[in-house]
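Have a look at the structure below before the remarks.
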Amino acid sequence: MSQPLPRLRLNLDFMPSPSPENPGLFIRDPYRFSDAMLIIPPVLVECLQCFDGRQTDLDLRAILVRLTGSLEVGDLERHLVDTLSQAGFLEDQTFEAMQAGRRREFAEKPVRDSAHAGSAYPDQPEALRATMERYMDGAGAAANRDGDLFAIAAPHVSPEGGWQSYRAAYSLLKPEHAGRTFVILATSHYGAPEKFGLTRKNFLTPLGEARTDQRLVNWLATRGGAGVEMEDFCHSFEHTVELQVIFLQHMLGPEVKILPVLCGGFGRSLYQGGDPEDDDNVKAFFEALGELREQEGDKLFWVLGVDMAHMGARYQDQFSAVAGQGVMSEVGMRDEERIARINGCDAAGFWDLVRENHDDLKWCGSSPFYTFLKTAPKARGELLRYEQWNIDERSVVSFAGMAFSKEA
């Protein structure tokens, strides 16, 4: 009797093949449990619908017979199933072993290796230093803020596209900030919702090894409740903390001390109503983080690794987006409304705007922003620079450099 085929993993990336010589559907694993990348030929793309956990090999065989016009499809059927399985793209024992191995490998590593050196930024120290100097050139002396600056927000978009907003935020750092622990609240693009990912590992980049403040990680892991995901595998490949680290290292030295936190999305509140902290796990983490801020005071400096709106074809909108034009002009005004609520440290007002239309602006930085606002309710924010950037010809990301000072 035929058994259902394994289900195709739903958390894969699917996109048109980037190779004109090899058309079809390109598939890869954004979680990096698998390094495989496949191109499914156009004639076989329809077969993927059989991998839904319900249909069987007989259903797959029937589609192959219809598509090929041949009854001899046994070898093709086995090849397709075996290829998807060996790539780790099916929910089967092969993938379970692959996933467990990658998680174990990361847990056992002594440091968190740079995952985006050589792609998002140069992988050689001298080339990276020159690039960072180019990004920060002309920033000028940081404004005198009477020592009340305690947080900045910077993008996590490619530095080559967002360097002016990075520069606006990071130019405010001064040598006297070097002794603090930098609490990096960053977007977790792939982590579980209502979860906060921590790691004890130092972050290695071409500039050196940034030190993770293990004392504070341990304290937060103990007090943060079930919302904490300890040694979160997402840290191994997520770029949102890593890009802040290279700017911190450039400004303050390679051994800068950090407390990296990946903030999962607050989808429950976004789609079901209520506030994020109505979830007991989120509430416990907010309370622990707020207590940590009260306890450590000026020993901490806060960095938000956040982008804002994601609009256009790449992000499943039915239109092309151009920075500053058409629909993006309206997006800019809506971004300004949210930024005004952030600058006023109005967490409830900010979240009301995010929750409208289930966040049709797709602000991937909404959870770090909200986490910060709940942790530092008495602050005043300042927009330093706002930008929109065409990440491709039909899609736009918005982001900003911001500063936060203690309330007078």
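The values are calculated or read from the model by the stated rules, or taken from the named source; none is laboratory data. Because the structure is a prediction, the values reported are computed rather than measured. FYI the Cβ positions are ideal-geometry reconstructions off the backbone, even for glycines, and counts take in every protein chain you see. Keep in mind that these areas ignore ligands, DNA and RNA; they rest on the heavy atoms of the full protein, side chains included. Shrake-Rupley method; radii C 1.70, N 1.55, O 1.52, S 1.80 Å.
Here residue 28 meets the list (1) free of Cβ contacts under 8 Å to residues at least 40 places away in the same chain; (2) farther than 19 Å from residue 76 by Cα; (3) open to solvent by less than 60 Å² (accessible area, probe 1.4 Å) almost entirely, failing just condition (3).
Exactly one residue out of 277, 176 is at pLDDT below 95 and either within 23 Å of residue 298 (Cβ to Cβ) or acidic (Asp, Glu) (or both), and it is 176. Picking from residues in the stretch 362-385 that are modelled with pLDDT under 95 and open to solvent by 30 Å² or more (accessible area, probe 1.4 Å), the one that is farthest from residue 290 (Cα to Cα) is 380.
In a strand (DSSP E or B) and either at pLDDT 95 or above or basic (Lys, Arg) (or both): does that describe residue 388? Considered against the rule, which asks whether it is in a strand (DSSP E or B) and either at pLDDT 95 or above or basic (Lys, Arg) (or both), residue 388 comes out as yes. Give me the pairs, please: first residue somewhere in the stretch 317-343 and closer than 23 Å to residue 372 by Cα, second residue anywhere and surrounded by 13 or more Cβ atoms within 10 Å (Cβ to Cβ) and among the acidic types (Asp, Glu), beta-carbon distance under 7 Å, and either six or more positions apart or on two chains. Every condition considered, the pairs that remain are 343/382.
Restricting attention to the stretch 10-36 and to residues that are more than 21 Å from residue 53 (Cβ to Cβ) and not in a loop (DSSP other than H, G, I, E, B), the residue that is nearest to the chain's Cα centre (by Cα) turns out to be 28. Only residues that are small (Gly, Ala, Ser) and in contact with a strand residue (DSSP E or B) (Cβ under 8 Å, 6 or more places away or on another chain): list them for the stretch 310-349, please. Passing the criteria: 312, 313, 320, 321, 323, 324, 332, 344. Exactly one residue out of 306, 327 is at negative phi, of a type in the set (Val, Ile, Thr) and open to solvent by less than 30 Å² (accessible area, probe 1.4 Å), and it is 306. Somewhere in the stretch 224-231, is a residue in contact with an Asp or Glu (Cβ under 7 Å, 6 or more places away or on another chain), among the acidic types (Asp, Glu) and farther than 20 Å from residue 374 by Cα? The answer is no, given that none of the residues of the stretch 224-231 is in contact with an Asp or Glu (Cβ under 7 Å, 6 or more places away or on another chain), among the acidic types (Asp, Glu) and farther than 20 Å from residue 374 by Cα. Residue 106 satisfies every condition listed in (1) over 27 Å from residue 388 (Cα atoms); (2) of a type in the set (Phe, Trp, Tyr); (3) open to solvent by 40 Å² or more (accessible area, probe 1.4 Å) except (3). When 96, 77 are screened for being over 26 Å from residue 199 (Cβ atoms) and out of contact with any strand residue (DSSP E or B) (no Cβ under 7 Å at 6 or more places or on another chain), only 77 passes. Pairs meeting the criteria (first residue in the stretch 91-104 and within 24 Å of residue 53 (Cα to Cα), second residue exposed (fewer than 15 other Cβ atoms within 10 Å of the Cβ) and of a type in the set (Gly, Ala, Ser), beta carbons under 8 Å, at least 6 apart or on different chains) are 91/53.
Being open to solvent by 10 Å² or more (accessible area, probe 1.4 Å), more than 20 Å from residue 169 (Cα to Cα), without any contact (Cβ under 8 Å) to a residue 24 or more places away in the chain and not small (Gly, Ala, Ser) holds for only one residue in 392, 359, 352, and it is 352.
Residues in the stretch 44-58 that are over 19 Å from residue 10 (Cβ atoms) and charged (D, E, K, R): 57 alone. All told, residue 363 falls short of being under 19 Å from residue 267 (Cα atoms) and part of a helix (DSSP H, G or I).
Yes/no per residue for (1) open to solvent by less than 10 Å² (accessible area, probe 1.4 Å); (2) touching a strand residue (DSSP E or B) at 6+ places or on another chain (Cβ under 9 Å):
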{"residue": "182", "(1), (2)": "yes, yes"}
{"residue": "193", "(1), (2)": "no, no"}
{"residue": "196", "(1), (2)": "yes, yes"}
{"residue": "202", "(1), (2)": "no, yes"}
{"residue": "219", "(1), (2)": "no, no"}
{"residue": "230", "(1), (2)": "no, yes"}
{"residue": "241", "(1), (2)": "yes, yes"}
